[in-house]
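Down below is the structure, laid out as structure tokens.
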Amino acid sequence: MTGRRRSVSTFLHSSLRPGRATALAAGAVALCASLTAGCGAIPGATGGSGDGPIKVMTWAPQDTDATNKPGMPAMALAYAKWVNAHGGINGRRLQVLTCNDHNDSVGAAKCARYAADENVVAVVGSYSQFTDSYSAPLEGAGIPYIGGYGVTNDEFTGQMSYPVNGGQPALLAGLGKALTTCGNIALVRPDTIAGDELPVLLDSGLQTGGHEKAGDQLAEEDSTEYGDQADKALRYATGNALKKGCVVPALGDRTDTFMDSFRRARANFPAVRLGTVLGSVDQTVINATGGASGPYEGAYITGWYPPASDGRWDPMKKVINEEAFGDNRIDPADAGVQTTWIAYTVLKAVLERIGGGEVTADTVRRTLDGGLRVSTGGLTPTLHWTYSGKLASVGFPRMVNADVTLQVVQDGRLVAARKGIGGLDGTADMTRTLENADVQ
């Protein structure tokens, strides 16, 4: 769920760079052909002005050696196609531009400048860990960031950020709370800036049950083998002979690589329990690693939303079936895809509130700040952003949804745990837990 900082000198082919107001018509046509979404706005014009399309952007890393989220821009494009097939929003088309941040700071900055040059009215349902690279260009252009993945704590501080979930803080706190009955707990996490935030968040949940801190084990995020890390994690987790220990791999897309090494190493140690977070593991990964006979059987996994089998996801699945059937980038069980769906639900509510008025980054932001309450059909609590939320005292003033769901792999399927951290539906609000976290 995190990316490491690398220096990449190239990113967008010149044909993908934003056009200028002085571009000739032929150049504009060439630009349209190169973009992943349809064109319609005059290059350089305000993203939602007049009767043209309402222009937004979704970005995420793709084709990298570490974290990849191709389903997020793919879901955004499917959503726009579906909206436009049903008359648009207030009679206007929705145009989605996409961008690959390549999981590095240079790419993130270029995506943000691309958004500013294209005068999009919002960046919606996106993933990037490099907030220090993209936030300044967005803020300089006044562009709101709606529904980031929550991969860094900075997404919960910026006044132009409108998160829809509790990000890594809520997931790790919830997992810690679920694992308080474990013996020794080994956390295997990336040796990155974003990875440095994980131990204190997991520990905040552990402390609710009086559990000692987890053992913090660093690993290279883009490694192709984790034999040494698996061995060290198992040695630490099995150090208490009286209680079964737990291993928590939190390596994003490389969690699966870690598990290959872990499966070979665990035969030489007493049994341990696994715990991790959605984004590191999903149903596709569980299936690919053997289902009920695989290493994830019995594992606790925390997520932000109900399981993919829940009927509240049916509207999203309908859109996918109608507009992206066969697109294997879009997995309805993927937390990134789900976050993008919810973020665009927020955008739709904002645009409907604006109605026939002018749609710009400024009016979108003012609508979000003006008391708008967004229902997501029960997938989250009603979303409502205030100047300073309940978690401002611990450095998360923009966090308005700290709910997590506890799920468990049972007979090879990811289902609601129905016990542990939440009520009958396995959902719990981590606000109180995070209030006690030492995250500043």
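The values are calculated or read from the model by the stated rules, or taken from the named source; none is laboratory data. As the structure is a prediction and not an experimental result, all values here were calculated from the model. Every residue, glycine among them, receives a Cβ derived from its backbone with ideal geometry; neighbour counts consider all protein chains shown. Heads up: the accessible areas ignore ligands, DNA and RNA and are worked out on the full protein's heavy atoms, side chains in. Shrake-Rupley method; radii C 1.70, N 1.55, O 1.52, S 1.80 Å.
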Solvent-accessible area of residue 254 with every protein chain in place, 1.4 Å probe, in Å² to the nearest 10: 50
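Note down, for segment 66-206, the three equivalent ellipsoid semi-axes (square root of 5 times each alpha carbon gyration tensor eigenvalue), biggest first, whole angstrom. Write out the running numbers ahead of the final one.
Details: eigenvalues 204, 63, 36 Å².
Its equivalent ellipsoid spans semi-axes of 32, 18, 13 Å.
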Angle check, please: helix 25-34 long axis (alpha carbons) against the longest principal axis of the chain (alpha carbons), in degrees 0 to 90, nearest 10. 20
More than 43 Å apart: what percent of Cα pairs in the chain qualify? 12
Let me check the size of segment 86-140 from its C-alpha atoms; what are the radius of gyration and Dmax in Å? 12.7, 38
Taking every DSSP beta bridge with both residues inside the chain, roughly what % is antiparallel (nearest 5)? 30
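Under 1.5 on a/c is rounded, so check that first for segment 288-440, then, if it is not, pick prolate when a/b is larger than b/c and oblate when it is not; a ≥ b ≥ c are the square roots of the alpha carbon gyration tensor eigenvalues. Before the final figure, lay out each step's value.
Numbers: a/c = 2.54, a/b = 1.29, b/c = 1.97.
It is oblate, given that a/c is not under 1.5 and a/b is not larger than b/c.
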Taking the Cα atoms of segment 253-342, what is the range of coordinates along each of the three principal axes, in descending order and whole Å? 49, 23, 20
In segment 307-346, whose amide N lies under 20 Å from the spot 7 Å out along Cα-to-Cβ of residue 411? List them in ranges. 307-311
Which value, in Å², gives the accessible area per residue of segment 137-182 when a 1.4 Å probe is used on the protein heavy atoms? 19
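For residue 81, what charge total do you get from the other residues with a beta carbon under 9 Å from its beta carbon, if Lys and Arg give +1 and Asp and Glu give -1?
Counting the neighbours of residue 81, the net charge comes to -2.
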What are the extents of the Cα atoms of segment 123-167 along their three principal axes, in Å, largest first? 25, 16, 16
As I understand it, the dipole of the chain uses +1 on the Cβ of Lys and Arg and -1 on the Cβ of Asp and Glu, about the Cα centre. Which of 270, 78, 218 lies farthest toward its positive end? 78
Over 28 Å (Cα to Cα) among 55/317; 244/390; 110/348; 213/390; 110/232 -> 244/390; 110/232
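Can you list, largest first and rounded to whole Å, the semi-axes you get for segment 337-398 by taking the square root of 5 times each eigenvalue of its Cα gyration tensor?
After scaling each eigenvalue by five and taking roots: 21, 16, 10 Å.
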Per residue solvent-accessible surface (Å²) - segment 304-440, probe of 1.4 Å: 45
Anisotropy class of segment 168-277 from Cα gyration tensor, a/c 1.5 cut: oblate
Between segment 309-369 and segment 178-205, how many Å separate their Cα centres? 31
Tell me the label-point distance for the pair residue 267, residue 63, using the 7 Å Cα-to-Cβ offset, in nm and rounded to one decimal. 3.9
How much of the accessible area of the chain, in percent, comes from carbon and sulfur atoms when a 1.4 Å probe is used? 48
